[in-house]
1. Hey, what's the Cα Rg ratio for the stretch 136-291 versus the globular rule of thumb, 2.2 N^0.38 Å?
2. Scanning the chain for helices, which whole DSSP H stretches are 27 Å or more long along the axis (Cα) and average -0.5 or more by Kyte-Doolittle?
3. Give the relative contact order (percent, whole number) for the stretch 90-244; include only Cα pairs under 8 Å separated by 6+ residues.
4. Counting each pair of different Cα atoms once, what's the Kirkwood radius of the stretch 1-58 in Å, rounded to one decimal?
5. Across the stretch 29-46, in residue order, what do the Karplus-derived ³J(HN,Hα) couplings come to in whole Hz, using 6.51 cos²θ - 1.76 cosθ + 1.60 with θ = phi - 60° and x for Gly and Pro?
6. So how much slack lies between Ala41 and Arg384, counting 0.36 nm per residue of separation and subtracting their Cα-Cα distance, in nm?
7. Where does each of Ile377, Ile365 land when they are ranked from fewest to most other beta-carbon atoms within 10 angstrom?
8. How large is the convex hull of the Cα atoms of the chain per residue, expressed in Å³ as a whole number?
Amino acid sequence: VGQPVSDRTEGIAGELESVLDGLPAIDHHCHGVARGELGAAEFDDLLTESEQPQPPGGNVFDAPVGVSVRALCGPLLGLEPHVSGADYLERRAELGSSEVSRILLAAAGIDTYLVDTGFRSADITTPAELAAVTGARSAEIVRLEAVAEGLADAGTGAAEFLGAFEAELASRLERAVGVKSIIAYRYGLDFDPARPEPAAVRRAAGDWLRQRQEKGSSRLDHEVLLRAILWAAVDAGKPIQFHVGYGDTDITMHRCDPTQMTGFLRATMHSGPAITLLHNYPFIREAGYLAQVYPHVYFDTGAVLHFTGPSYLTAVRESLELAPFSKLLFSTDAFGLPEFYALGAQLQRRGLARVFGEWLAAGAISGTDARRYLELIMGGNSARVYGLEPR
Ligand SMILES: [Zn+2]
């Protein structure tokens, strides 16, 4: 009473931030941290999804993500906020990468990491190594395409390919808690939702195995086989993560809108596994819609918060617009840089505190409900979806 609304909102948001700091956070999709010391060029490369060198006049520290690294991670490393990129990198080198990881992962305050081990796994820490830095817990997410590529490398023939894939997946899923599909990268989300016939799968495996010998590339990009391993994952019954939207130059963005896979979502609605839509930029509202109407669909804004940096609040707001609060998951999608864990987690907590703070100040939600929803979003939903024991 008598206090301006914005001050009241600030106050409540501050209180909610402390509540959020105390809640267990499950990062349901992330990768490891890069091994060894990073030079400026490697740091630059990891700070953008582009594999192309910076154009003339370009500097990753002048992109939203670089601005936020300097503003928020700089002070964690003992710098003033907003120092230059060169000063930031100098401080990083001075501390050494282990110490930088220790500081930034501690600041992220993540309790459980679900780690996608299927991309550049030799260059980054294993799930156990990542978790050991802060005494967190980790579990593995198996990348479907990487399993298929490994079988082809091991000389699996076309006739037995699908059976071998199913057996290998079952064995990996004895410990792993879910799988990930990158069909968005290898084809698009506008794939035929039907389960391919066994004869078509054998033919496709034969074609692909022949082509990969001719091209000397192990990359699985055969549409029928991509669908076959996806349906094998549906049968396996564990949650299936899908890369959606924003990604590197391999994707064709308009084919990575999650509504392109509506047919597949309809076809799998009663099959069992949860489907979790990752990243979703710039399709957060589409993902929220799908999560509202399909009972097995969940979504996150992983990678979006750190890559949009100072604009993170827009993504957080959109993620809270439509879907039930039991459908939104927390993830950082951090890859390589410990900065991404710190930024992803801090911006997620800050954004939730801000939006729920506004709702509380306006009397739009009760304190009890707000606390319950925050707990679900930060970890409760992922614990339920992936069947994780409480710690
Ligand atoms: Zn990822």
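We did not get these values from a lab; they are worked out from the coordinates using the rules stated. These figures come from a predicted structure and were not determined experimentally. Counting neighbours? That spans all protein chains shown, and the Cβs are built from the backbone with ideal geometry, glycine included.
1. Expressed relative to 2.2 N^0.38 Å, the Cα Rg reads 1.02.
2. In the chain, the long hydrophobic H runs are 338-361.
3. Reported relative contact order: 24 percent.
4. For the stretch 1-58, inverting the mean 1/r across all distinct Cα pairs yields 16.3 Å.
5. Here the 3J(HN,Hα) series is 8, 8, 10, x, 9, 4, 7, x, 7, 9, x, 4, 5, 5, 4, 3, 4, 6 Hz.
6. Going from the current span to full extension adds 119.4 nm.
7. Ile365, Ile377
8. 142
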